[in-house]
Amino acid sequence: HLNYKNPTLSPFDEFQRFKTHPMVRDVFEGGKRIGYGTRAIMEGGWQSVPRLSFPGGCLVGDSAGFVNVPRIKGSHNAVLSGMLCADHVFAALQAGRANDEVASYEDAWRSSPIGYDLKRVRNVKPLWSRFGTFAGVALGGLDMWMTELLGWSFFGTMKHGKPDHECLLPLSQVKPIKYDKPDGVLTFDKLSSVFLSNTNHEEDQPIHLKVKDMSLQKASEHDVYGGPSQRYCPAGVYEWVEDQGGVRFQINAQNCVHCKTCDIKDPNQNINWVTPEGGGGPNYINM
């Protein structure tokens, strides 16, 4: 979950470490790594879905955040949102409308099967975040049971905590996490993994990762938080490089696998992921 506090935590390396757990190791041992990919999943659900309609367009599918967290499933709602949107766009066209907002789509989704699916599990993630894995998951199960059988929950509709980017603590307030060196058999490094994602961007295209204020990146992301971009990025896109002029922020945009973690986790919201020129990116052949 991207609401972690320690800026030295690396989601990529946590997954590598997970594979070494005695209950998991046997599943992977003897296997061959054939692909690699990563994506930040929007799991805020019922409370976090943004406004879906705006003049000239609508948000549908994964972009709208329709993931059912306990089911680890969102493709069904993504498809349903496209169908629901199409119905309302068709009705608007039949009425002779154009270039305005299809507000009826926004008004309809919460009373649709999408809304029914998400409302039943709306408290699972807030409970998980607030009370931890064991107690949070148990309370989430109780909440789903009450909502399904009784039609209500004494938790009501809980709010999420801080936005993910506000959760990081300064480097001075945490104990740095040390990760073992990858063995190349069960655990791997980022760059060899990115190679398997078949990521490609034209080298002469403009960088699609925009830093709004480079001085803020140095003064805060580096000096206060210890450069968490080097660790939260699962593709080795960001580096703080020491040279004769001091430390500088290097962006290896050609490595980007479009997970959008930087857009979510940068503590100052100072990095903006934009669509690359020419449609470059990962090509997940085996996934």
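The values are calculated or read from the model by the stated rules, or taken from the named source; none is laboratory data. All of these numbers come straight from a predicted model, not from anything done at the bench. Methodologically, a virtual Cβ is constructed for each residue, glycine included, from the backbone with ideal geometry; neighbour enumeration extends over all protein chains shown. The area values use the complete protein model at the heavy-atom level, side chains included, leaving out ligands, DNA and RNA. Shrake-Rupley method; radii C 1.70, N 1.55, O 1.52, S 1.80 Å.
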Item to complete: Report, by chain and number, residues whose modeled amide H sits under 5 Å from the one on Y238, excluding near sequence neighbours (fewer than 5 apart, same chain).
Response: N252
Discussion item. Give the lysines whose C-alpha is closer than 29 Å to that of K212, dropping any in the same chain fewer than 8 places away, or say none.
Written reply: K5, K162, K190, K260, K265
Worksheet item: With the contact rule set at Cα under 8 Å and sequence spacing of 6 or more, what percent relative contact order holds for the stretch 53-165?
Response: 23
Item to complete: Please find, in a Gaussian network model of the chain (springs between Cα atoms separated by less than 10 Å), the residue of H258, H160, H88 whose mean-square fluctuation is greatest.
Response: H88
Worksheet item: To the nearest 20 debye, what charge dipole does the chain have about its Cα centre, counting +1 at the Cβ of each Lys and Arg and -1 at the Cβ of each Asp and Glu?
Response: 880
Response to the item:
the chain accessible area per residue, 1.4 Å probe, protein heavy atoms, integer Å², reads 57
Discussion item. With unit charges on the beta carbons (Lys and Arg positive, Asp and Glu negative) and the dipole taken about the Cα centre of the stretch 53-165, which residue among A138, G57, W109 sits farthest to the positive side?
Written reply: A138
Item to complete: Round to the nearest 10 and report in Å² the accessible area of L168, as given by a 1.4 Å probe over the protein chains' heavy atoms.
Response: 10
Worksheet item: Where does the chain land at 222 nm, in deg cm²/dmol rounded to the nearest 500, when only DSSP H runs of n ≥ 4 count, each adding -39500 (n - 2.57), divided by all residues?
Response: -9500 deg cm²/dmol
Fill in: Two-decimal log10 I(q)/I(0) for the chain, as the Debye equation yields it once each C-alpha is a single scatterer, q = 0.13 Å⁻¹
-1.12
Worksheet item: Hey, what's the Kirkwood Rh for the stretch 212-287 if you take every pair of different alpha carbons, in angstrom?
Response: 13.4
Response to the item:
Karplus ³J(HN,Hα) for the stretch 50-65 (6.51 cos²θ - 1.76 cosθ + 1.60, θ = phi - 60°; Hz, whole; x = Gly/Pro) runs x, 4, 8, 10, 8, x, x, x, 8, 9, 9, x, 4, 5, 8, x
Discussion item. For the full complex of protein chains and a 1.4 angstrom probe, list L186, L80 by accessible area with the highest value first.
Written reply: L80, L186
Worksheet item: Across the stretch 203-220, in residue order, what do the Karplus-derived ³J(HN,Hα) couplings come to in whole Hz, using 6.51 cos²θ - 1.76 cosθ + 1.60 with θ = phi - 60° and x for Gly and Pro?
Response: 5, 9, 7, x, 5, 8, 10, 9, 8, 5, 9, 5, 5, 5, 4, 6, 5, 10
Practice prompt. Determine the sum of side-chain charges near N270: Lys and Arg each +1, Asp and Glu each -1, restricted to other residues whose C-beta is under 12 angstrom from that of N270.
Written response: 0
Response to the item:
Checked the stretch 15-156 against the a/c 1.5 cut and the a/b vs b/c comparison, axes a ≥ b ≥ c from its Cα gyration tensor; verdict oblate
Item to complete: Would you mind calculating the relative contact order of the chain from Cα pairs under 8 angstrom and at least 6 residues apart, reporting the percent as a whole number?
Response: 25
Response to the item:
In the chain the accessible area split gives carbon plus sulfur, as whole percent at 1.4 Å, a share of 57
Response to the item:
Total charge of the residues flanking L93 in space, meaning their Cβ is under 13 Å from its Cβ, with Lys and Arg +1 and Asp and Glu -1, is -1
Item to complete: Enumerate the helices in the chain for which the Kyte-Doolittle hydropathy averages 0.0 or more and the C-alpha atoms extend at least 18 Å along the helix's axis, using complete DSSP H runs.
Response: 75-94, 124-150
